[in-house]
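Values quoted throughout were computed directly from the atomic coordinates according to the rules given, and no laboratory measurement underlies them. This is a predicted model, so every value here is computed, not measured. Cβ coordinates were reconstructed from backbone atoms using ideal geometry, including for glycine residues, and neighbour counts include every protein chain displayed.
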Amino acid sequence: MSKAKQKRAKRLGFLGKFKTKDGRKADGSGPTNTAKQPAVHQLKDSRKPEDVRKQRLQDLREKQKLSREREMMKRRNLQTFQSDILQRQREFELKETEMQSLEKHVNFENENSRKAYYREFKKVVEASDVILEVLDARDPLGCRCPQVEQAVIQSGTNKRIVLVLNKIDLVSKEIVEKWIKYLRNEFPTVAFKASTQQQTKNLKRSNVPVTKATSELLSSSACIGADCLMKLLGNYCRNQDIKTAITVGVVGFPNVGKSSLINSLKRARACNVGATPGVTK
C-alpha cells in the first residue's frame with residue numbers, strides 16, 4: 001500500500017491492517033500494540049481464582065447492602081418518622097424523670113448531712129467556754145468560716161474564740177509572722193505545729209517559742225507552740241483570781257489538723273489521725 005493510500009485510510013477513520021515491506025501484517029496504530037498484548041495476558045494469568053472469587057463476593061455484598069438501604073428509605077414514610085419522634089420523646093422524658101429523682105435523692109442526703117453537722121456544731125458551741133478554730137497556715141483565710149465565728153459570738157458573751165495557725169512548718173517563718181500579725185487584729189492567734197509521732201503516750205513537746213524555733217526544730221516530730229496555747233487557756237480559767245475549769249471545743253475544716261492538735265495538747269493519741277476527711281468522729 002502506498003503512503004498516499006495510508007494517509008487516506010487514516011483520514012477516513014479506518015484502522016485496517018496492512019503489510020509492511022518485510023511481508024508481516026501490521027495495524028495502523030504501529031508496532032506498540034503488539035508489545036502490549038503479552039503484558040495483558042500476564043496480568044490475567046497472575047490473578048488467582050480465589051482472589052477473583054473473593055472480589056466478586058465483596059462486590060455482591062456491597063450491592064446487597066445498597067439495595068437494602070434503598071428499600072429502607074422507600075419504606076420510611078411520614079408515619080414511620082412520627083413513630084420515631086414519639087419514641088425518642090418518651091426516652092427523653094424517662095431520662096429526665098430519672099435525673100430529677102436522682103437530684104432529689106442527692107439533695108436529701110446533703111440536707112440530712114447539713115442538719116447532722118449543725119446539730120453537732122451546736123452541741124460543741126453550747127458546751128464549750130473557748131472555741132479553738134484551727135486554720136491551715138498555707139491558706140488561713142480559705143480555712144476561716146465567718147458563719148462559725150458569728151454563731152459563736154451570738155451564742156453568748158462568755159464565749160471566746162482563739163485562732164490556731166497550724167502546720168507552720170510548711171510555710172516560711174516570715175509569712176507566719178505576717179499572718180499572725182494580720183489575724184490578731186480580730187481574734188487572739190497562736191502559731192502551732194502539731195506532733196507527728198506515732199506513739200500512744202508521752203508525745204514530744206518543745207518549750208522553745210515559735211519565734212525562736214530553728215528550721216531543724218520545725219522539721220522535727222516535736223510539738224511547738226503548745227506552751228503558749230496552754231498559757232492562753234490558763235488565763236481564761238482565772239475568774240477574779242480564782243482558778244476554775246473550762247471546756248474547750250475544737251472546730252475547723254477537714255484536714256486542718258484538729259485531731260493532731262488535741263493529741264499534742266493531751267500528749268497522747270486520743271483521736272485517730274488520717275489524711276482522709278472525716279476520720280475523726
What shape does region 157-227 take by its C-alpha gyration tensor, where a ≥ b ≥ c are the square roots of the eigenvalues and a/c under 1.5 counts as rounded, a/b above b/c as prolate, and the rest as oblate? oblate
Calculated FRET efficiency for the pair Gln64/Asp84, C-beta based, R₀ 35 Å, to 0.05: 0.90
Computed E for Ser219/Phe121 - FRET, C-beta separation, R0 41 angstrom, nearest 0.05: 0.75
Could you tell me which of rounded, prolate or oblate describes region 131-281, using a ≥ b ≥ c as the square roots of the eigenvalues of the alpha-carbon gyration tensor, with rounded for a/c under 1.5 and, failing that, prolate when a/b is larger than b/c and oblate otherwise? rounded
Which entries of Lys181/Lys258; Lys167/Lys204; Lys173/Lys201; Lys173/Lys212; Lys173/Lys231; Lys167/Lys212 show an alpha-carbon separation above 18 angstrom in the structure shown? Lys181/Lys258; Lys173/Lys201; Lys173/Lys231
Quick check: residue separation of Leu170 and Arg56 times 0.36 nm, minus the Cα distance between them. What number comes out in nm? 33.6 nm
Relative intensity, log₁₀ I(q)/I(0), of region 118-212 from a Debye sum that treats every alpha carbon as a point, q = 0.10, 0.18, 0.22, 0.25 Å⁻¹: -0.32, -0.92, -1.13, -1.25
Give, in nm to one decimal, the length gained when the segment between Thr247 and Leu94 is fully stretched (0.36 nm per residue of separation minus the Cα-Cα distance). 49.6 nm
